[in-house]
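J.: Structure provided below as structure tokens; questions to follow.
The values are calculated or read from the model by the stated rules, or taken from the named source; none is laboratory data. Predicted model, so just to flag it, every value in this text is computed and none were measured. Counting neighbours? That spans all protein chains shown, and the Cβs are built from the backbone with ideal geometry, glycine included. Side chains included, ligands, DNA and RNA excluded: accessible areas come from the protein's heavy atoms. Shrake-Rupley method; radii C 1.70, N 1.55, O 1.52, S 1.80 Å.
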Amino acid sequence: MSQPEPEEVHAVLKDFEDPLMGIHLRAWDRLMSNPEWPTLVFSRTGTGLMHDLIVQEASSVLDTMPRVHKIEHDKSVRYLFADEVLLRFKHGSDRGLGSNVDTKANSDFIDADVELWGMPQVKKVELLWYENKLRTKLDRVEVTARDGKRRLWGYPMGSEPVTVQMPFDLPDMPPQHRAIPLVTVKTARKADSKD
């Protein structure tokens, strides 16, 4: 199985961009209207809720569309477009990859060389959503391809792909920057004591 090319994926998904963006926008609006949203302690709770809302919205829109097939597999939902592009919804990480739990099904999906269901022509991609830093609005939705923990390429939904290959793998973790203290604590001098 070969790695997916962005132009080929774009050619298939461009006809579905409006419904895919609509799914994300409606899911985000539902998340924002949830009265519990501002009180969530863990961002992963909101991320999980957003994923569930995206899948609900996708089901109401994509399940009856021609040339789109829903595939439920191992507690996940994926959509096959035009028998060529297999897409899954994910929250985008700082590294431009989908956030996921390491399972066999996930490993098979992110390994570009693994053929799924005897369909070598299928191009596996993730549709990533990103919120802004304040978590107050949906920042962007991006189509991406990966090979394991390496991002191959990505382009924002609604635009033409720009194919610039990174000449190296991205690091697993961003480099750690040394924090510069805002306050310097000085030790107090002991007063001379006379007995």
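J.: When Asp83 is evaluated against the numbered criteria (1) surrounded by fewer than 19 Cβ atoms within 10 Å (Cβ to Cβ); (2) modelled with pLDDT of 90 or more; (3) not in a loop (DSSP other than H, G, I, E, B), which criterion, by number, is the only one it fails?
T.: Unmet for Asp83, out of (1) surrounded by fewer than 19 Cβ atoms within 10 Å (Cβ to Cβ); (2) modelled with pLDDT of 90 or more; (3) not in a loop (DSSP other than H, G, I, E, B): (3).
J.: Only one of Leu152, Leu134 is assigned to a strand (DSSP E or B) and at pLDDT 70 or above; which?
T.: Leu152
J.: Also, I was wondering about something else. If I filter region 5-27 down to residues being of a type outside the set (A, V, I, L, M) and over 19 Å from His69 (Cα atoms), which single residue comes out as least open to solvent (accessible area, probe 1.4 Å)?
T.: Restricting to residues being of a type outside the set (A, V, I, L, M) and over 19 Å from His69 (Cα atoms), the top hit is Pro6.
J.: So, of the residues in region 28-61 that are under 18 Å from Leu127 (Cα atoms) and in contact (Cβ under 8 Å) with a residue 60 or more places away in the chain, which turns out to be surrounded by the fewest Cβ atoms within 10 Å (Cβ to Cβ)?
T.: Gly46
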